[in-house]
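Derivation of every value follows stated rules applied to the coordinates shown; laboratory data play no part. For clarity, every value in this text was computed on a predicted model and none was experimentally measured. When we count neighbours, we look across all protein chains shown, and the Cβ atoms used for this are built from the backbone with ideal geometry, even at glycine.
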Amino acid sequence: MSTRINHNLLSMVAQRNIQVTQNNLDTALIRLSSGLRINYSWDDPAGLAISERMRAQIASMTEAERNANYNINMLATAEGALSVIDEKLTRMRALAIQASNGALTSGDRAALDVEFQQLKSEITRIASTTNYNGLQLIDGTYSAGVGIKFHIGTYNVQNEDYYHINLGNMTATALGVANSNITDTISAQASINILDTAIDSKDTSRTSIGSYVHRLQNTILNLQISRENTTAAESQIRDADIAQEMSDFVRAQILMQSGVSMLAQANMIPQIIAGLVG
């Protein structure tokens, strides 16, 4: 390179390299302090767009998992009520068997029927008052044609991201026992068959609840696995590799020190040339 006074090209090159090094040093400092490789949109525009979509998916999966847990809690409430109704129906059937025996007097059967009728009333009361977060569960509000929506996915596709369930109607009327009595042997014998049908209906509802809970548990497991994998992919795009960033930071520091030293040397060259002229 020729020796000139008007333009110190070596100094200009050194200044440019120092600016590049300063930018690299700033970037390394920001990434190390934040833990993120992408802090601004200009760091990686395409990567930012992909990671933002993944973040939206991760947040949606988290909420879907919460929804599934809420749904399990709701079903557990219904299951608890049905287990009590189960006890009432079982007791009513036992009373019907007892009242069917010809050795009892009409007074005995009348006494048994008092308990029988109270059990019927209690079944309807339980069915009418069982609710979760204000939702009536087993009084027929959510039965045929009208179901409770379970949204447990990250999109809005029916039967994939959401579906509706029906918990049925467990009142005495719906179970077919509202008009039954055990005041005589004929009525008591008829009540046995009616109660068998009611018990079957109740068992069907409990089986459905158990199946829904099992399905939701599997949904939660799948959501957890999907969230883990998506988080790992998002982290790969957006998070900083601390070891790599630390290496870049140290490299930038060394280059900065060297660049400043060389800039000082370059700035001395015009003085040396001036000495030749003098």
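Listed values (1) 63, 41, 37; (2) 141, 28, 24; (3) 79, 43, 36 include one computed from this model; for Cα extents along the principal axes in Å that value carries the label (2). Taking the C-alpha atoms only, the angle from helix 9-34 to the longest principal axis of the chain is near 20 degrees. Between helix 242-277 and the chain, what is the angle of the helix's C-alpha long axis to the longest principal axis, kept within 0 to 90° and rounded to the nearest 10? Between the helix axis and the principal axis of the chain, the angle is about 20 degrees. Taking Cα centre as origin and charging only the Cβ of basic (Lys, Arg, +1) and acidic (Asp, Glu, -1) residues, the dipole magnitude of the chain rounds to 780 debye.
As a footprinting exposure proxy, order L255, L167, L137 by other Cβ within 10 Å, with the fewest listed first. Write out the running numbers ahead of the final one.
Details: L255 17, L167 27, L137 23.
The most exposed by this proxy come first: L255, L137, L167.
Within the listed set R109, R16, R53, the Gaussian network model of the chain (springs between alpha-carbon atoms below 10 Å) gives the highest mean-square fluctuation for R16. Normalising the average separation of contacting C-alpha pairs (under 8 angstrom, six or more residues apart) by the number of residues puts the relative contact order of the chain at 35 percent. Compute the label zone of R91 within the stretch 134-163: residues whose backbone N is under 19 Å from the point 7 Å along Cα-to-Cβ. Label zone hits: none.
Averaging the Cα positions of each part gives two centres, and for the stretch 62-106 and the stretch 127-185 these lie 13 Å apart.
If R0 equals 25 Å, the separation of the Cβ atoms of S226 and I30 corresponds to a calculated FRET efficiency of about 0.20. The H on the amide N of R37, modeled in the peptide plane, is under 5 Å from the matching H of D239, A240, each at least 5 residues off or on a different chain. Distance between the pseudo-spin-label points of Q189 and Q117 (7 Å out from Cα toward the beta carbon): 2.4 nm. For the chain, adding -39500 (n - 2.57) for each run of n ≥ 4 DSSP H residues and dividing by the number of residues yields -26000 deg cm²/dmol at 222 nm. According to a simple spin-label model (label point 7 Å from Cα along Cα-to-Cβ), what is the distance in nm between T141 and T197? Between T197 and T141, the label points sit 2.8 nm apart.
Between the Cα long axis of helix 106-129 and the first principal axis of the chain there is an angle of about 20°, rounded to the nearest 10. The lysines within cross-link reach of K120, meaning a Cα-to-Cα straight distance under 25 Å and a gap of 8 or more places when in the same chain, are K88, K202.
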